[in-house]
């Protein structure tokens, strides 16, 4: 399997959201990545269900929602109803993570675990088989356009090693500072899914940027 590319819609132009969604539909991207922030778990607020539903209405590719919120269990069923396919919650935000992952799965979505940069991957050893994917944050969550944290490469390698032994089905997603320079390094370290926002949407041709990221991960 080649690398999957998930454009972060947080970096899209919301003044022309419909055309941005259509661009992703027609591109070589694999997923839509949706960053959901509550202003409490992270120091920023993004968007909620009206935007998620608007994207889902036109999207022809899976929706991957990353919940950077406190007490995410309150909203799991609503995200399923909104059309989300992959839902990640933060290890740091879940008191009963096993129960949360089961809830996500029972709602018909693929469950993922997100980790902040300071959280070591070996903390996932007992729960990893329950996850469909792990989202490694390679910047501190809350804002786009941050610089990639280089130590994330080591975390990805270590997680790949652990997963190969106890959860070979588990995919590794990386979000934060992904660009053309580090994409090949991330793929080599073991990343399966790359989330990119500014790298895709800030240039003259987002579709070309998606194509280049896709080729760099082969």
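What follows draws every value from the coordinates through simple rules; no lab data is involved. From a predicted model like this one, the values you see are computed outputs, not experimental measurements. Quick reminder, even Gly has a Cβ in these numbers, built from the backbone with ideal geometry, and neighbours come from all protein chains shown.
If you average the sequence gap of Cα pairs under 8 Å that are 6 or more apart and divide by the length of the chain, what percent do you get for the contact order?
Relative contact order for the chain comes out at 23 percent.
Cβ crowding within 10 Å ranks 9, 23 as 23, 9, fewest other Cβ atoms first.
Approximating the spin labels as points 7 Å out from Cα along Cα→Cβ, the residue 160-to-residue 14 distance works out to 3.6 nm. In the chain the Cα-Cα distances spread across 10 Å bins starting at 0 as 9, 37, 40, 14, 0 percent of all pairs. Here the residues 205, 138, ranked from fewest to most Cβ neighbours within 10 Å of their Cβ, fall in the order 205, 138. The distance linking region 157-218 with region 58-96 is 20 Å (Cα centroid to Cα centroid, whole angstrom). Here the peptides 170-183, 152-165 are ranked by packing, the mean other Cβ count within 10 Å, and the order with the highest first is 170-183, 152-165. Only beta bridges with both residues in region 4-216 are counted; by DSSP, about 5 percent of them are antiparallel. For region 34-135, the relative contact order works out to 23 percent when only alpha carbon pairs closer than 8 Å and six or more residues apart are counted. Springs join every pair of Cα atoms under 10 Å in this Gaussian network model of the chain, and among 77, 35, 192 the largest mean-square fluctuation is at 77.
By other beta-carbon atoms within 10 Å, ranking 51, 89 with the fewest at the front produces 51, 89.
By how many nm would the segment from residue 40 to residue 73 grow when fully extended, if each residue of separation counts as 0.36 nm and the alpha-carbon distance is taken off? Show your work: numbers first, answer last.
Numbers: separation 33, 0.36 × 33 = 11.88 nm, distance 1.52 nm.
Length gained between residue 40 and residue 73: 10.4 nm.
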